[in-house]
Every structure is written in C-alpha cells, then in structure tokens.
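Here's the structure we're looking at; comments come further down.
The values are calculated or read from the model by the stated rules, or taken from the named source; none is laboratory data. Source: prediction; values computed, not measured. Heads up, the Cβs are rebuilt from the backbone with ideal geometry, glycines too, and the neighbour counts pull from every protein chain shown.
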Amino acid sequence: MKLAPNRRKTVWIAAAIVAANGFFPALWILFTSFKTEAELLRHPITIVPHDPTLTNYVRVFVDQPILLFLWNSLVVAGLSTALCVFVSALAAYAIVRLRIPGRNLVLSILLAVSMFPLISLMVPLFQTMRTLGWLNTYPALVFPYAVLSMPVCTLVMASFFQDIPNDLENAAMIDGCTRIGALWHVVVPLAAPGVFTAAILAFVNAWDEFLLALTLSSRVTSRTLPVGITLYQGEFAFPWPIISAALIVAIVPVCVLIAIFQERVVSGLTAGGVKG
Amino acid sequence: MSDVVLKNVVKAYGTTPVIHGVDLHIASGEFCVFVGPSGCGKSTLLRMVAGLEGITDGEISIGGVRVNDLPPRERDIAMVFQDYALYPHKTVFENMAFGLRLRKRPDAEIRRSVGDAAQILQIDHLLDRKPGQLSGGQRQRVAMGRAIVRNPRAFLFDEPLSNLDAQLRSEMRVEINKLHKRLRNTVIYVTHDQVEAMTLADKIVVLSAGRIMQVGTPDEIYNRPAAKFVAGFTGSPPMNFMPCTVGEGGGTIILDGDIRLPVPAARRAVCAAHAGRRLEFGIRPEHVFAEAAGNDVAEVPAQVQLVEPLGSDTLGLLRIGPGEITGRFAPEAALATGSAIRAGIAMNKFHLFAPETGDAIRGPGW
Ligand SMILES: Nc1ncnc2c1ncn2[C@@H]1O[C@H](COP(=O)(O)OP(=O)(O)OP(=O)(O)O)[C@@H](O)[C@H]1O
Ligand SMILES: [Mg+2]
C-alpha cells in the first residue's frame, strides 16, 4: 500500500511511540539482567551495563527449578491454547455460518462475558478444583485458561471467517467433505492469520497469568513461570538483576514462538490469493 | 441412470415462500437449462438439488434415489459456481484432486484422472499453479476440471460463464457443449444468457417468481411460448406486443388505430372462438418485414422512427397506428428515419395471449 508522504510520516511516528512504549521496559529489564546489584544502585544511573555479567542468569537456573516452571508453563499454555482454539473455531464458525436466531445477541453476550473480572471467579473456581481434586495439577489451569480466552478468540476468528466466501465451503461439501470437514480443510487454512492471531492471544494470556496460577497451582511441581519468578524474592531482599534475568528467560520462548508463527502466517498469506 | 426428478418442491425462507411447488423431470444425460429473471429462484432450485439448501416440502430424487435428506457429498453431483470457488490455498492439481482424495482413491488413479481432465480442458500446463495466478478463463476451466474428474451423476452449473468477457464466453460455451456431447452426463445449467440457453439446452425451464412458466425444447420455447412472459423473455430484441381485438368470424385481427390484419385460413377457427375479445397480439421482430410481399403477409402503413444497423442485420423501430414495433430487417433494406413505408407482418407467425392471465391462445400446429 502506498501512502502520501505526510500520512506516512504520521504512521511512522505513531508506530515509533507504540514500539517505544512496549520496548523500553523490556530493554530496561534486559540491561538490568546483565548488571550487578552494586551497579544497579549506583548513582548516577547507568543505562547500558558497565561490566556486564552472566552471574544473574546462573543464579536464575541454580536458585530455583526454573526449567521445571518453564516446562509447566509451556504445557499449560500449549494445552489451553489448543483447546481454546479448537472450541472457539467451532463456535466462531457456527456464529458466522449457521442461521442461528439471535446471532448478534450471542456476540454481545460473548463480549460481555469476556469483561468479567477474574477475581470474582476465584472463589468458585477454587472450590470447583478442590472438589474435583485437581488443585496443583495441569487441568486446574488448562481448563480455566482455555475458557477465559474463548470469548476473544471466538470474536477474532468469527471476524476472519466472515470474509471467506460461502461457496468455498459449498464446493468442499460437494467434493465430499462434511460441514466440519469443510471447516478444517478450507475455512481454517484460509483464515490462518486469524487462527494464529487467536492462538497467540490465548497463549500469551495463559503464559502471563498469575492470579489463578498462584491460587490453584502453587505447589513447586506444578508451578508456572509467573508464580515461580516471585520465589526469587527473599524475605527482606529484592534481587532486581536476578528477577530481571528470570523475566528474560520467561519472555524469550514466547518471542521465538510468535516470530515463527508470524513467518508462517505471512508466507501463508502471500501464497494463496483469493479470486479478485 | 441419473435422471433428476423434482416433485412438488417448495422452498420457504422463514415464512417467505420463494419456490412454489415445482415439478420437473430431467432425463438421464439431458442438458437442462434454467432461465428466468433475477430473483426468480433459479439458484435456489439448483442448490436444493445440490443439497446446499434444505427442502421445505416435496421430494427430489437423483438416479431414482430420494435425496431430500442426503448431504451434498452423498448425492454424487458436481457443481461449478459463478465465482468458481476454487480453493485458493491449493494448487490447480490439488483443487481437481480434492474430491478423489477425500474418496481415498489410489494416487495413480488420481494422477491419471486429473491428467485426463486437464488435457481435455487444455490446462495441463497450469497444474502447479495456485488459482491466484490464473486468468478468469483459466480459473473457469479449472472449476470445470474439478467437476469432471469425479465423473458424477449430474453436473450443476450456476451461471458459470457470467464473469467472462463476450469472446471467452462464446468460446467456453462451445467447449461446454462439446464436453456434454462427449461425457453425456445429466446437466442442470442456470443462466441469464439466452444464447447459452438456446444453444446448449435439450430442455429449457423458464421460471418466474418461483414457478415454472414453461418446460420445452429451445424450439418450443421460442416458437410456441405458452405465456406472454415466456415470449417476452426469449429473443433479442424480444417479441412485440400490442393490444388487439379479434374481428367477426376470426377473419381479421384489429390493432388499435383500426389497422386490420387478415388471418390466414388455417388460424381462423381458433380466432373465431375469441371473436370480439380484447387480446394481446405478439409478433417477433424477424416476422416484421420492410415490405409487404409473399403469402400470408399483411400490409400495414408504418413510419420509421429509428434505424439501428447491427452489421448482420438492421433493427428498425416502426410506428404502426398508436403503437410501436421493432423489426429485424436485412442490412440492405433501404430504411430512412422518418420515412413512411408499407411494412409487412407474417400472419402465419403471430401469437395471441389472454391479457388477464398472459396464457397463450393457439391452435394445433401454430
Ligand atoms: N437466505 C435467504 N433468505 C431469504 N431469502 C432468500 C435467501 N436466499 C435467497 N432468497 C430469495 O429467494 C429468491 C430467489 O433467489 P435466487 O438466488 O434463487 O434467485 P436467482 O434466480 O438465482 O437470481 P439471480 O439470477 O439474480 O442469481 C430471491 O427473491 C431472494 O431474495
Ligand atoms: Mg442466481
């Protein structure tokens, strides 16, 4: 797309502000993770570490079983994302394609549900998980995370599914697919950008979540990263550089994952080319 | 056997009926064309046969099997859509192979079937491309290829050529005709284009507002229309209509302005039964002549209002009494705008319609 020079400048400035807003804290954390505690407290403040050190990273892996937390987070976020995307895709498809009376009402309700404050669900969720005996197990987090992301994932995918011509599915059904088959063979691949967007949203939501994780899964063996990271904090000390290093360890896998997906989404986008 | 039979088929969206009890028998191997104005329910009818729309009432059977409750994939049909509906993420080969793959056919067979179809349609050099890299005409061919690889009981086409330019359209029309002569599958074909309807069809079904107006061969539809609607829908330019009165004994037809047209002996008996009645007189442009010569040609004074040379022939708008009619003349006919001529009307070719119902009034052999 070509923009007029003036508009392009505006777009660049807006993008720069957004990027700076997002990147500055991340960059600060990154720099802090290479500083010694002494340097952190020095006056005047240094931005780039003077003599960078890796000891913080060593401490991250030595002080706490962070690899276990990483693994737990990966399992919980991965499973909840898969479940969420699967169910949301079906829901989105139903909303978009089937002639359901009160379609718009369903959409509004979805939107309303997604605005529920998490804290209000805490007690009933805790009770439920205790009754099921799921406390401190993966399902205690997988199911709530999947369900919590469903409204937004459904809305995102519904808006993408809407743009796929109806006759493509009709063609698939005549070729021999069931309706669900047409959804998986035709709609989902063509709406891949939407599906990945939904998946990334769900994944990041689950990866970042703290409150539920702390309440429902606090035992060391099932602890996820956000809860795990708080453990680096001593009773009296707050070791900023170590915690920063732990944060970097927590962020990097997500970034890599998103980068890989992005690549696939973009290549998928340019390869197809719907009838113009 | 792959005949398609519709028995009293009704379709309603909510409480709005759009198809009102259609009965139709399409014989095995027949090329059946649905025509009718926009919104008359052609696509709806086709999609009900395909199984893409439910049936509110009635029964559809394909090859003797009642298919009302069968999903599209179990009806053994193939469809070519107006916008082609090719899978954008699959190559041409995979587009065509998809149906066979879903049926778990062996790889070798798939390659052979797709190869054969591609060869017939001259798209074998395009098999590795994605639909986005094809021209409109090529996409059209791929869509046809996808339909023919499966060798289904029936092909359904919904205005398949309407997105092509005039030249390609007539090319593809010929291809489709050849293909049908070769494969001999049952075909149901929806179109707006009269030329397609006339040239392709074994049987034309004229629809209006969810009802069948007439079913017949192209010749019957054109030459023996059962209703004014059908007569006005076929032919380009369409048939001329003028109010008229039938004279005493059926010997004359009197147009407004006291223009008396003598009725040939063979048609008098039927006309006599309507003597004195106000009817609608219909005559096709090719049965209006620039001069009154020959048997059964009535002479009428006319004034030339407009001349439109088309090259192969010339259209002339003539004022006859208070009315106007269009004639199709040989290009060498000397017509000058504003001039007065003695035009001829072929009285062995006229049509009569009841003004209230629009039904045709005709005797045997008209
Ligand atoms: N989903 C729907 N809900 C309500 N009415 C519908 C629906 N689909 C079609 N109709 C109505 O059914 C009638 C027939 O539509 P259809 O698409 O079959 O017409 P058509 O003959 O194919 O027209 P065209 O030549 O423009 O394609 C139309 O009046 C249309 O408004
Ligand atoms: Mg249509």
Determine if the range B:303-313 includes at least one residue that is outside the structural domain of B:V9 (by TED's automatic domain parsing), surrounded by fewer than 19 Cβ atoms within 10 Å (Cβ to Cβ), touching a strand residue (DSSP E or B) at 6+ places or on another chain (Cβ under 7 Å) and touching a residue at least 40 places away in the same chain (Cβ under 8 Å).
-> no
Name the helices (runs of 4 or more DSSP H) wholly inside the range B:38-124 in which the number of residues that are away from ligand 2 (no atom under 16 Å from the Cβ) and not aliphatic (A, V, I, L, M) is 1 or more.
-> B:92-102, B:107-120
The range B:19-55, subset among the β-branched types (V, I, T) and under 22 Å from A:E169 (Cβ atoms), residue nearest to ligand 1 (Cβ to nearest atom) | B:T44
Does the range B:189-212 contain any residue that is within 16 Å of ligand 2 (Cβ to nearest atom), within 14 Å of chain A (Cβ to nearest Cβ), in contact with a helix residue (DSSP H, G or I) (Cβ under 9 Å, 6 or more places away or on another chain) and at pLDDT 95 or above?
-> yes
Go through (1) of a type outside the set (S, T, N, Q); (2) outside any helix (DSSP H, G or I); (3) in contact (Cβ under 8 Å) with a residue 40 or more places away in the chain and name the single condition B:A147 misses.
-> (2)
Just one of (1) assigned to a strand (DSSP E or B); (2) at pLDDT below 95; (3) more than 16 Å from ligand 1 (Cβ to nearest atom) trips up B:M1, so point out which.
-> (1)
Positions within the range A:161-173 being in a helix (DSSP H, G or I), within 14 Å of chain B (Cβ to nearest Cβ) and surrounded by 17 or more Cβ atoms within 10 Å (Cβ to Cβ), in sequence order | A:D167, A:L168, A:E169, A:N170, A:A171, A:A172, A:M173
Residue tally, condition touching a residue at least 12 places away in the same chain (Cβ under 8 Å) and either over 16 Å from A:M173 (Cβ atoms) or more than 13 Å from chain A (Cβ to nearest Cβ) (or both), over the range B:68-82 = 2
When the range B:66-80 is checked residue by residue, the ones that are surrounded by 21 or more Cβ atoms within 10 Å (Cβ to Cβ) and more than 16 Å from B:N151 (Cα to Cα) are B:V67
Where residues in the range B:125-144 are within 13 Å of chain A (Cβ to nearest Cβ) and outside any helix (DSSP H, G or I), which of them is farthest from the chain's Cα centre (by Cα)?
-> B:D128
Does B:S236 satisfy the criteria of being out of contact with any Leu (no Cβ under 9 Å at 6 or more places or on another chain), within 16 Å of ligand 1 (Cβ to nearest atom) and among the hydroxyl-bearing types (S, T, Y)?
-> no
Looking at A:P226, A:P151, A:P144, A:P139, which one is away from chain B (no Cβ under 14 Å) and without any contact (Cβ under 8 Å) to a residue 24 or more places away in the chain?
-> A:P139
Would you mind stating whether B:G54 is crowded, with 20+ Cβ neighbours inside 10 Å and either within 20 Å of A:G176 (Cα to Cα) or assigned by TED's automatic domain parsing to the domain that holds B:F98 (or both)?
-> no
Exactly one of A:P117, A:P101, A:P44 is part of a loop (DSSP other than H, G, I, E, B) and within 24 Å of the chain's Cα centre (by Cα), and that residue is A:P117
